[in-house]
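The block underneath contains the structure these notes are about, expressed in structure tokens.
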Amino acid sequence: TDMRMEDVSYNQELNQLGTVLNQTMDQVQSLVGAQQEFVSDVSHELRTPVAIVKGHLNLLNRWGKDDKEVLEDSLTSSLSEINRMETLVNEMLQLTRAEKMTVSPDVEKTAVAPVMKRVYHEFELLHPEFVWTLDNNLNDRAAVAIRPDHLEQLLIILLDNAVKYSTERKEVHLALARAGSWLEIGVQDFGQGIGPEDIDRVFDRFYRVDKARKHQVGGNGLGLSIVKKMVTAYGGRVEVESALGSGSSFRLRFPLTILGSEKNETVSE
Ligand code: ADP
């Protein structure tokens, strides 16, 4: 009977090993799958600008030497297409970085209000045709464990979008407040809004509502996916509420910390 006992435990171990191997294979497969999907998305996005530039180069090659108008048009269009590609590649790099980002537990604590005020004033200067408001209930000790340039990048993406997608009523409200143990950042606009059929997908990479129209606004559909990855990496949340025609409200939440408090501890509810 001793032998049989050993057999049983040997079998059990083999079974366990099999289960673990299967799980690992599943994980590897889904990683490879995600990788392939990304490559295929990227190729798809790059194909259009490449085709456009190629078309212009062909025009230049055939007529550009004699026809000054063709020369100028094709050069201008090619340059702007190349600029778009450059932005696309940079944003893809940012997304990849955000995706594999691991936040070190001793990441610096950044006071949020000063960063927010700075970005707010920049946008005020850049878009004077907008009505800007900043509603801040917090002092400069309210902080989040995040790199300041990352916080700034998140704000810029949200504010850029608020401006881009507000064609009629040009008004953006920023808010900074505490919600229990969270610090909450709000960016609200009164622009075109997002319909219920799109709202769940705006954080997907390369997703744009109404692609044809967005092409004119010049987006790549990567901004919000960068926001989502980055906020999540820092232990935060991002939420959106929106209604077609009346505007959108984006909310970021991060665990709140207080600078200079006794042990710099996290404030908990
Ligand atoms: P994009 O570069 O196209 O702006 P994003 O990832 O930042 O990419 O946003 C994805 C899509 O979500 C946009 O193309 C747009 O359709 C929609 N969207 C984002 N922000 C807003 C907003 N503030 N108001 C209305 N629609 C928005």
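The values are calculated or read from the model by the stated rules, or taken from the named source; none is laboratory data. Note that the coordinates shown come from a computational prediction; the quantities given were computed from them, not determined experimentally. With ideal geometry, Cβ positions are generated from the backbone for all residues, glycine too; neighbour counts draw on all protein chains shown. These area figures cover heavy atoms from the full protein model, side chains too; ligands, DNA and RNA do not enter into them. Shrake-Rupley method; radii C 1.70, N 1.55, O 1.52, S 1.80 Å.
Looking at region 36-61, which of the residues that are of a type in the set (D, E, K, R) and closer than 17 Å to VAL89 by Cα is modelled with the highest pLDDT? Here the residue is ARG47.
For SER40, the stated conditions do not hold, so it cannot be described as in a loop (DSSP other than H, G, I, E, B), under 22 Å from the mean Cα position of the chain (by Cα) and free of Cβ contacts under 8 Å to residues at least 24 places away in the same chain.
Taking the criterion of being charged (D, E, K, R) and either surrounded by 16 or more Cβ atoms within 10 Å (Cβ to Cβ) or farther than 14 Å from ALA162 by Cβ (or both), the residues of region 121-143 that qualify are ASP135, ASP140, ARG141.
Considered as a group, the residues in region 96-107 that are in a helix (DSSP H, G or I) and under 12 Å from ALA233 (Cβ atoms) include one that is least open to solvent (accessible area, probe 1.4 Å), and that residue is ALA98.
Which numbered condition in (1) of a type in the set (Gly, Ala, Ser); (2) at pLDDT below 90; (3) in a helix (DSSP H, G or I) is the only one that SER80 fails? It is condition (2) that SER80 fails. Of the residues making up region 66-95, those that are open to solvent by 50 Å² or more (accessible area, probe 1.4 Å) and farther than 26 Å from ASN161 by Cβ number 9. Using the structure shown, decide if VAL28 is closer than 30 Å to LEU224 by Cα, open to solvent by 60 Å² or more (accessible area, probe 1.4 Å) and either among the hydroxyl-bearing types (Ser, Thr, Tyr) or touching a helix residue (DSSP H, G or I) at 6+ places or on another chain (Cβ under 8 Å) (or both). Against the criterion (closer than 30 Å to LEU224 by Cα, open to solvent by 60 Å² or more (accessible area, probe 1.4 Å) and either among the hydroxyl-bearing types (Ser, Thr, Tyr) or touching a helix residue (DSSP H, G or I) at 6+ places or on another chain (Cβ under 8 Å) (or both)), VAL28 does not qualify.
ARG118 meets each of the listed conditions (1) open to solvent by less than 50 Å² (accessible area, probe 1.4 Å); (2) in contact with a helix residue (DSSP H, G or I) (Cβ under 8 Å, 6 or more places away or on another chain) apart from (1). Residues in region 221-235 that are open to solvent by 10 Å² or more (accessible area, probe 1.4 Å) and in a loop (DSSP other than H, G, I, E, B): GLY221, TYR234, GLY235.
Just one of the listed residues (GLU197, GLU241) is in contact with a strand residue (DSSP E or B) (Cβ under 6 Å, 6 or more places away or on another chain) and either more than 23 Å from VAL39 (Cβ to Cβ) or of a type outside the set (D, E, K, R) (or both), namely GLU241.
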